[in-house]
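The values are calculated or read from the model by the stated rules, or taken from the named source; none is laboratory data. Keep in mind it's a predicted model, so treat the numbers as computed, not measured. Note: ideal-geometry Cβ built from the backbone for every residue, glycine included; neighbour counts use all protein chains shown. Ligands, DNA and RNA are stripped out before the accessible areas are found, and what is left, the full protein with its side chains, is counted by its heavy atoms. Shrake-Rupley method; radii C 1.70, N 1.55, O 1.52, S 1.80 Å.
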Amino acid sequence: MALAVDLDGLRTGLGQWSTHLESQLLARELALALIDCHLGAGHDVVIPQFLGRLAFIERLEAVTDRYGAEFVEVLLMCDRPVAADRLRTRRRELVSLGVEHPERDVDDDHVDAAVDDAIRLLADVATARPRVRTVEATADLEQTYRRLLDALADRTG
């Protein structure tokens, strides 16, 4: 009964999300409400998302603390060229499928700058939150998944 909370999915589920910047904030508030409800019912929550805002991470942790739940942070890291290539590939897939998604807002000319910003934000998160478990995500999907499972099983993190 673990719940995967996708902030982008919540945001794109809002009418006219792409024309209202406040849809980002509203999606985070909706996520917090969902998480609060699900943890309150005694279930786990997973947020498979880029989280570069420390204030939001701290709010997530506060919700888990309220229920005595374990708050585990895992940071998947890869080299800048790999990340940029993955973002470009994902954007092409979304466009070909006709899926409206915030990643489509980053045009190809700005992907490198967006990835640089994301890497900087994640490095700041890792510095500010020393319990973050870092997983090397340059390998193939299966190997990265095994590394993720190992990081989640590591109770020393």
**Q.** Carbon/sulfur fraction of accessible area - segment 1-143, other protein chains in place, 1.4 Å, %
**A.** 55
Q: Provide the per residue accessible area, probe 1.4 Å, for the chain, rounded to a whole number of square angstrom.
A: 63
(Q) From Cα pairs below 8 angstrom and at least 6 apart in sequence, can you work out the relative contact order of segment 30-108, rounded to a whole percent? (A) 20
Q. Per the helix-only calculation at 222 nm, which mean residue ellipticity applies to the chain, given -39500 (n - 2.57) for every DSSP H run of n ≥ 4 and division by its residues, nearest 500 deg cm²/dmol?
A. -18000 deg cm²/dmol
Q. For the pair T138 and L121, how long in nm is the line joining their label points, each one 7 Å along Cα→Cβ?
A. 2.4
(Q) I need the calculated FRET efficiency for the pair A114 and M1, taking r as the beta carbon distance and R₀ as 30 Å, to the nearest 0.05. (A) 0.30
(Q) From Cα pairs below 8 angstrom and at least 6 apart in sequence, can you work out the relative contact order of segment 47-157, rounded to a whole percent? (A) 36
Q) How far, in nm, would the chain grow between L51 and D36 when pulled straight, counting 0.36 nm per residue and subtracting the alpha carbon separation? A) 3.6 nm
